[in-house]
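J.: This is the structure, below, for whatever I ask next.
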Amino acid sequence: SNDEPAPRGRRARAAAATSTRDTGDVPAAEAAPGDGRLRPLSAEQILAFMRAEAYRPLTFAELAERLAPAEPQRAQLEALLQRLEAEGRVVRTRTQRYGVPERMNLAVGTLQVHPRGFGFVVPDEPGRPDVFVAAENLAGAMHGDRVVARIVGRRTVRGGVLREEGEVIRILTRANRW
């Protein structure tokens, strides 16, 4: 009820801020004032948090600490991260840290392979130029596959245009099954 005194001390306030009175799924800070419950965590909230200027890739535990302090929220956060990773909207590094590709010098898109063996990653981001991938850097990816490519350099090509060069580091989905 509203007659309860405010929690005293840092631990009591933290426990009160992270408690779920309902089947809430989002940090208490995201709840509407006087709502009494937590709202579900969304993929857009996670992406907005990761796109923030001060963000650096974080482990699942670090993300959970900041975004999902309650236990039911952690399961939801894990499921959302797996879905976002499968879609290529979030990348998990070898050190098990999560980040967004645009902040990690990566391009996510569809691979177009030329008959001579090289290819181009056509990024999902509108307005971003294609990324050249040499034949030896295709890592088994084939024409039409959705891939993640690491930008390894930039080169001036005909006409004085600066073109990004990359290497495929992950195949998200195959275009064809053989």
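Bear in mind that the values in this text are calculations on the coordinates, not laboratory data. All values derive from a computational prediction rather than experimental measurement.
J.: What ³J(HN,Hα) values, in whole Hz, does the Karplus curve 6.51 cos²θ - 1.76 cosθ + 1.60 give for segment 128-140 when θ = phi - 60°, with x put for Gly and Pro?
T.: Coupling constants for segment 128-140: 7, x, 5, 10, 6, 10, 5, 3, 6, 10, 7, 6, x Hz.
J.: For segment 91-99, what does the Karplus curve 6.51 cos²θ - 1.76 cosθ + 1.60, with θ = phi - 60°, yield as ³J(HN,Hα) per residue in whole Hz, taken in order and with x for Gly and Pro?
T.: Working through the residues one at a time gives 10, 9, 7, 4, 8, 6, 10, 9, x Hz.
J.: With the convex hull built on the Cα atoms of segment 125-175, state its orientation-averaged projected area in nm². Intermediate results must be reported in sequence, preceding the final value.
T.: Values: hull surface 16.1 nm².
One quarter of the hull surface, i.e. the mean projection, equals 4.0 nm².
J.: Could you derive backbone 3J(HN,Hα) for segment 50-56 from the dihedral phi with the Karplus parameters 6.51, -1.76 and 1.60 (θ = phi - 60°), listing whole Hz in sequence and x where the residue is Gly or Pro?
T.: Once θ is set to phi - 60°, the couplings for segment 50-56 become 6, 7, 4, 4, 8, 5, 10 Hz.
J.: Compute the relative contact order of segment 116-178 as a whole-number percentage, counting only Cα pairs closer than 8 Å that sit 6 or more residues apart in sequence.
T.: Values: 119 pairs, mean separation 21.0, N = 63.
Answer for segment 116-178 is 33 percent.
J.: Where the eigenvalues come from the Cα gyration tensor of segment 62-178, what are the semi-axes √(5λ) of the equivalent ellipsoid, largest first, in whole Å? Walk me through the numbers before you get to the answer.
T.: Numbers: eigenvalues 191, 53, 23 Å².
Ellipsoid semi-axes (Å, largest first): 31, 16, 11.
J.: Related question: In whole percent, what relative contact order does segment 31-142 give with Cα contacts below 8 Å and a gap of six or more residues?
T.: Relative CO of segment 31-142 lands at 17 percent.
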